[in-house]
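One structure is given below, encoded as structure tokens.
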Amino acid sequence: NFPRGIRAGHCLHELLEHWDFQEDTEPIVKRSLRRYRLLSGKAEIDIRNTLEELKTVHLQHMDVDLKTAAADKTLSEWEFLLPLNHNGISGHSLSKVFNKHARNDTERLYALDLAGLPEQTLSGMLTGYIDRIIRANDVWGIADWKSNYLGSCYNQYRQEDLWNCAADQHYLLQVHLYLVALRRYLKERAPQDTATSGYLVFLRGISPK
């Protein structure tokens, strides 16, 4: 039910950038909603309820909940520089890699989609910002917040719907590049640690249990 559009998306991302998944949500939610001119009693209640549910989301491959893994807000908006090798990357080369490691037909179909990207090879340096680095002891991961509106009912945010959105928008490629950047960082700074998973967290699909 939360408003749609760029302003709403920025509001949600900024809120999560500065929240440690521990502190009381009332002041930070009011501040963010007021800043983006979205403050209303209903919006405040809806967002606070969603954040409470978000804390309990279990990250299967890390075997931890978000409240624990995302507790360090200094790991928000993590800037990375990812040097590409001399061969660079292209849609064709990405398609080959994703097809090689595909575990099922759905992932193989996404690999074919990557072949449709522009043939021009990218080289040099990729740069960007990761929404949140998450961590549980020596296991690291990535949380990427998505505020996409897929419908007004929870049954429009099924796993299949989320996957289709992530594939269509190439969020899947995005989170894989983030993981490569994080793993290269850990190789230099903490080689005993591992980065296991990237999570696309669709905020409008967080469902009460």
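The values are calculated or read from the model by the stated rules, or taken from the named source; none is laboratory data. Quick caveat, the model's predicted, so the values are computed rather than measured. Neighbour counts are summed over all protein chains in view; Cβ atoms, including those assigned to glycine, are modelled from backbone coordinates with ideal geometry. Just so you know, the surface numbers come from the protein's heavy atoms only, side chains and all, with ligands and any DNA or RNA stripped out. Shrake-Rupley method; radii C 1.70, N 1.55, O 1.52, S 1.80 Å.
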Can you confirm whether the stretch 116-128 contains a residue that is more than 15 Å from the chain's Cα centre (by Cα) and within 23 Å of PHE21 (Cβ to Cβ)?
no
Against the condition of a type in the set (D, E, K, R) and either in contact (Cβ under 8 Å) with a residue 24 or more places away in the chain or surrounded by 19 or more Cβ atoms within 10 Å (Cβ to Cβ) (or both), how does ASP138 come out, does it pass? yes
Q. Is it true that some residue in the stretch 142-160 is within 15 Å of SER95 (Cα to Cα) and open to solvent by less than 50 Å² (accessible area, probe 1.4 Å)?
A. no
Scanning the stretch 58-101 for residues that are of a type in the set (Asp, Glu) and closer than 22 Å to ILE28 by Cβ, the one nearest to the chain's Cα centre (by Cα) turns out to be GLU77
From the option list ASN137, ASN164, ASN148, ASN104, single residue qualifying as among the polar types (S, T, N, Q), at pLDDT below 95 and closer than 29 Å to THR56 by Cβ is ASN137
When every residue in the stretch 34-49 that is among the charged types (D, E, K, R) and not in a loop (DSSP other than H, G, I, E, B) is compared, the one surrounded by the most Cβ atoms within 10 Å (Cβ to Cβ) is GLU44
Going through the stretch 183-209 in order, the residues found to be part of a helix (DSSP H, G or I), open to solvent by 30 Å² or more (accessible area, probe 1.4 Å) and over 13 Å from ILE133 (Cβ atoms) are ARG184, LYS187, GLU188, ARG204
Scanning the stretch 67-121 residue by residue, the ones that are surrounded by 15 or more Cβ atoms within 10 Å (Cβ to Cβ), of a type in the set (A, V, I, L, M, F, W, C) and farther than 30 Å from GLU52 by Cα total 9
(1) of a type outside the set (A, V, I, L, M, F, W, C); (2) open to solvent by 80 Å² or more (accessible area, probe 1.4 Å); (3) touching a Ser or Thr at 6+ places or on another chain (Cβ under 9 Å); (4) touching a residue at least 40 places away in the same chain (Cβ under 8 Å) all hold for ARG132 apart from (2)
Among the residues of the stretch 1-33, the number that are of a type in the set (S, T, N, Q), surrounded by 14 or more Cβ atoms within 10 Å (Cβ to Cβ) and closer than 14 Å to LEU203 by Cα is 0
